[in-house]
1. So what is the 222 nm mean residue ellipticity for the chain from helices alone, if each DSSP H run of at least 4 adds -39500 (n - 2.57) and you divide by all residues, rounding to the nearest 500 deg cm²/dmol?
2. With angles folded into 0 to 90 degrees, how steeply does helix 272-286 sit against the dominant principal axis of the chain? Use alpha carbons for both and round to 10.
3. With just the Cα atoms defining each centre, how far is the stretch 121-186 from the stretch 252-297? Give it in Å.
4. At most 15 other C-beta atoms within 10 Å and a DSSP loop state: those are the exposed GluC sites (Glu not before Pro) I care about. Give me the longest piece of the chain that has none.
5. Please give, to one decimal in nm, the separation of the simple spin-label points placed at Glu324 and Asp242, each 7 Å out from Cα toward the Cβ.
6. Rounded, prolate or oblate: which fits the stretch 171-291 when a ≥ b ≥ c are the square roots of the eigenvalues of the alpha-carbon gyration tensor, with rounded for a/c under 1.5 and prolate only if a/b beats b/c?
7. As an exercise, identify the chymotrypsin sites (Phe, Trp or Tyr not before Pro) in the stretch 159-217 lying in DSSP coil whose Cβ has no more than 16 other Cβ atoms within 10 Å.
8. I want to check the label-to-label distance for Ser396 and Lys111. Put each point 7 Å from Cα in the C-beta direction and report it in nm to one decimal.
Amino acid sequence: MNIRQERTTDHYAVENLTREAFWTRFWEEGEKITDVHLLANKLRNSPALVPELNLVAELDGELVGHIIYTVSKINTPTGESHDVLTFGPLSVHPLHQSKGIGAALMQHSFKIARELGYKAVLIFGHPDYYPRVGFHRAAEFGIITADGTTFDAHMVYPLYDGALDGITGSFHIDPIYESLTQEDAFEFDKKFSPKLPFIPPAIDVLLDRLEPAAREAIAALNYPYLTTTTSKSEREFSEIVDAKAIETIRAVTREHGQPWGRPITVNCGNNPSYEALLDDLIQEVFGFSFEPWFEYELWDNRYESYSIIECGKMLSNVNIYKFELVVNGKKTSAIRFGAVATRENERGRGHSRRLMEHVLSLYPDTLAYLSANESVIDFYPQFGFKQVQTYKPEISYEINNADTVAVNCDIDDKIVEQAIQNRSIFSNMVDCRNSQPIQYFHLIMAYEENIYHLPNCDVIVLATQTGDRLFLADVIAAHPVTFDEIAKELPFDGINTVEFGFCPDWLDVSPTWQAACMTADPFFIKGDWQLPEKFRFPQTSET
């Protein structure tokens, strides 16, 4: 994609794509057609125009997006006036929406705006979309509209830290934004191919689906059309209706082609900005950091994160990892859910439910599973999951190797990397064949000091000792090996019992299977797994 300044030869194409992008925008009572393409035309001749920030996006030679900026002002109570920027319209052709073009135009223009010396960008826009890219409610900065009001659709993007320190007051935009009439819009629209006016659905299509209390609350807003709801944020609606009503609004607006509410953001690769948001959420909810794993840049398209982001904060998240499994000797595919987290002050608003349902709708026939904790045992069955009994395989075995040739490895040793990449021996009961990034997570987070290379067996093991018990978390092998062979090289002394963090059938042992606690270690599955009667999912493939 190429982003450049608009040229004179682009004018008609820009106005036409703006017309297409806004033809079905939310309407105020009395409007018949959009006037946003006329706005784009008039802003070009405004003294407030910033030419360096009148930009178009091209994709394969086609003009697909446009953003235009003017200078606006914040007038302080003490009589000072500060120049800031306002963009709008920001237009992306309907055939190219949801491809990141709008976000790219914003980020590119923000960089130029900083170079030009501006402090901030203030807009009136979709109150659930723009917070995803870092906008904040203007009220948080003590900035109100010219008529002294405030609402979530009035937003601020500071272009650098502290940009608006000490600046409060009223926001004033170019008068052109308020000068357009329907008569002018109809006259201007004659330049373009005839198009039937968009007739927005009445608000009744929503009211008829709501419970009485929510119906009364929304009816009191006196909105004429369903599309008018998009002018109010999900946060604002959540102050007057319950979570069930929020879901109804989202469903009805989606059915009528007017998506509303906080969007779901997806990430499936190394992305430092996204990782920082996720890590902040994980630290708040679970008390640890993903940062050591992020530093290795192991996030690839097998690991997908779905989140709700607002004002530069991740409110809720669900991750999945797409596994290639072996179950009873047969290869199969499955997704494992992890990092299901919602900030404490956002709980009870249906975020996790929405994310879970969204992911499951993308993978309707794929086996799914997850580990949970006692506090959410009743949550996952609502999505078709059922809890199953897992086990801890162990054997009685004496190990007294005061002196061995085993090498305590560093996680960055080449031999560790090669072992993980070349692993080819797996359990036929339950195992995972493609979890290299997740295995590294466990090495980094839990076993950094407990990685051993056994040179005679030529395998890597992860193992820890507690009293006379050895926990063998993993054996990473590229060739068949027996536990007797491994035991001769394990660098441990005084061991009487060995517990395996995986199904050890391939190590030529016959363990006893101790039932795991169903409340302390709940394990849930969805779909027809045909699992063995007793099994342990490999610990170093858990997320």
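Readers should treat all values here as calculations from the given coordinates under stated rules, not as data from a laboratory. Predicted, not measured: the structure shown is a model, and the values here were computed from it. Neighbour counts run over all protein chains shown; Cβ positions are idealised from the backbone, glycine included.
1. Values: 14 runs with 129 residues, N = 543.
Calculated at 222 nm, the ellipticity per residue is -7000 deg cm²/dmol.
2. 60 degrees
3. If you average the Cα positions of each part, the centres end up 25 Å apart.
4. 81-238
5. Inter-label distance under the simple model: 4.8 nm.
6. On the way: a/c = 2.29, a/b = 1.44, b/c = 1.59.
Oblate is the answer for the stretch 171-291, as a/c is 1.5 or above yet b/c matches or exceeds a/b.
7. Tyr160, Phe192, Phe198
8. 6.8 nm
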